[in-house]
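The values are calculated or read from the model by the stated rules, or taken from the named source; none is laboratory data. Only a predicted model underlies this, so the values are computations on that prediction, with no experimental measurement involved. Virtual Cβ from ideal backbone geometry, glycine too; neighbours counted across all protein chains shown.
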Amino acid sequence: EMIKQAKFLISNTDYKKCPSPDKPEFAFIGRSNVGKSSLINMLTNNKGLAKTSGTPGKTQLINHFIVDGNWYLVDLPGYGFAKVSKSLKAEWDKMIREYLTERENLVAVFILVDSRLDPQKLDIDFALWCAERGIPFALAFTKADKLSTSRIKENVNKFLAEMKTLFGDVPDYFVTSAENAMGKEEFVAYIEENVAE
Ligand code: GTP
Ligand code: MG
C-alpha cells in the first residue's frame with residue numbers, strides 16, 4: 001500500500017501540547033543530518049512535507065503530520081552533532097526524551113542510522129536508552145545510495161551484530177535511501193501493519 005495523503009498538523013516544544021493521542025503514532029529520530037526529514041518525504045511521496053537541509057540542526061521541534069487520516073507521523077530534531085549551542089542541544093534532548101517516554105499513543109520510534117558509518121556509540125546508546133524504558137523501536141539505515149551494496153551490507157551487519165551482543169536479539173530494520181526510494185514498500189507496509197493492530 002502506498003501513502004495517499006500526508007499533511008502537516010503542528011509543531012511543538014512540549015509533548016503535552018501535541019495532538020490528542022487518539023491515533024497510532026510513529027516517530028523518526030537519529031543524529032542530526034542522518035536523513036530523518038528526507039526519509040519522511042520519501043515515504044509519504046511528498047518532497048516538501050518535512051523541511052530538509054544540508055546543515056545539521058534543521059528540524060528543531062516536535063513536528064506532527066497526519067497520514068491518510070489515520071496515523072500520526074512525527075519528525076524530531078536530531079541528537080549528536082548539530083551545530084547549535086550546548087544549551088539548545090540540552091533542551092532538545094530533554095524535549096525528545098520526554099516526548100518518547102510520555103507519549104501514550106507512540107507505537108514505535110524509528111532510529112535512523114547512517115549506513116555509511118561503522119557503528120556509532122551515540123546511536124547504540126540511544127537504542128539502549130529506548131530498550132531500557134520499553135520504548136519499541138526499529139532501525140532505519142539511511143543514505144544507502146551512497147555506497148556499494150556490499151559496503152552497506154557490511155556496515156549494517158556490524159551494527160546488527162553489536163545490537164545482538166547488547167540486546168540478545170536483532171531489532172526490526174530497514175535499509176533505505178531517500179534518493180532512490182530503496183526500502184519504501186517494506187517500510188510503509190511495516191507501519192500499516194502496526195496501525196492495523
Ligand atoms: P536534522 O533535521 O538537521 O536533524 O537533519 P535530518 O536528519 O532531518 O536530515 P535531512 O533529511 O535534512 O537530510 C540531511 C542531508 O542529507 C540533506 O542534504 C539531504 O539531501 C541528505 N540526504 C538525506 N537522505 C539521503 C539519502 O538517502 N541519500 C542521499 N544521497 N542524501 C540524503
Ligand atoms: Mg530534519
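Is it true that some residue in the range 62-74 is at pLDDT below 95, surrounded by 15 or more Cβ atoms within 10 Å (Cβ to Cβ) and more than 15 Å from the chain's Cα centre (by Cα)? Checked against the condition, which is being at pLDDT below 95, surrounded by 15 or more Cβ atoms within 10 Å (Cβ to Cβ) and more than 15 Å from the chain's Cα centre (by Cα), the range 62-74 yields no hits at all. PHE167 meets each of the listed conditions (1) touching a helix residue (DSSP H, G or I) at 6+ places or on another chain (Cβ under 9 Å); (2) under 23 Å from GLY78 (Cα atoms) apart from (2). Taking the range 88-145 as the range and being under 20 Å from GLY35 (Cβ atoms), acidic (Asp, Glu) and either touching a residue at least 24 places away in the same chain (Cβ under 8 Å) or surrounded by 18 or more Cβ atoms within 10 Å (Cβ to Cβ) (or both) as the test, the residues that pass are ASP114, ASP118, ASP123, ASP145. When LEU139, LEU147, LEU88, LEU112 are screened for being more than 16 Å from the chain's Cα centre (by Cα) and not in a helix (DSSP H, G or I), only LEU147 passes. Conditions: (1) farther than 19 Å from PRO24 by Cβ; (2) out of contact with any Ser or Thr (no Cβ under 9 Å at 6 or more places or on another chain); (3) at pLDDT 95 or above; (4) surrounded by fewer than 16 Cβ atoms within 10 Å (Cβ to Cβ). ARG151 meets all but one. Number of the miss? Exception for ARG151: condition (2). Looking across the range 25-47, the residues that are within 15 Å of ligand 2 (Cβ to nearest atom), of a type outside the set (Val, Ile, Thr), in a loop (DSSP other than H, G, I, E, B) and under 19 Å from VAL188 (Cβ atoms) come down to GLY35, ASN46, LYS47. With the checklist (1) in contact (Cβ under 8 Å) with a residue 60 or more places away in the chain; (2) outside any helix (DSSP H, G or I); (3) buried (at least 19 other Cβ atoms within 10 Å of the Cβ) in hand, flag the one item ASP22 doesn't pass. The number of the failed condition is (3). Of the residues making up the range 75-94, those that are within 15 Å of ligand 1 (Cβ to nearest atom) and modelled with pLDDT of 90 or more are ASP75, LEU76, PRO77, GLY78, GLU91, TRP92, ASP93. Out of the residues in the range 161-194 that are surrounded by fewer than 17 Cβ atoms within 10 Å (Cβ to Cβ) and of a type in the set (A, V, I, L, M, F, W, C), which is farthest from ligand 2 (Cβ to nearest atom)? This residue is ALA161. Taking each residue of the range 1-17 that is part of a loop (DSSP other than H, G, I, E, B) and looking for partners that are at pLDDT 95 or above and among the charged types (D, E, K, R) with beta-carbon atoms closer than 7 Å, six or more apart or interchain, yields GLU1/GLU192; ILE3/ASP68; LYS4/ASP68; GLN5/ASP68.
Here is a yes/no grid of residues against (1) polar (S, T, N, Q); (2) out of contact with any strand residue (DSSP E or B) (no Cβ under 9 Å at 6 or more places or on another chain):
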residue	(1), (2)
ILE124	no, yes
LEU139	no, no
ASN155	yes, no
PHE159	no, no
GLY168	no, yes
THR176	yes, no
GLU179	no, yes
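Does any residue of the range 106-113 turn out to be more than 13 Å from ligand 1 (Cβ to nearest atom) and either touching a Leu at 6+ places or on another chain (Cβ under 8 Å) or over 16 Å from ALA27 (Cα atoms) (or both)? Taking every residue of the range 106-113 in turn, at least one turns out to be more than 13 Å from ligand 1 (Cβ to nearest atom) and either touching a Leu at 6+ places or on another chain (Cβ under 8 Å) or over 16 Å from ALA27 (Cα atoms) (or both).
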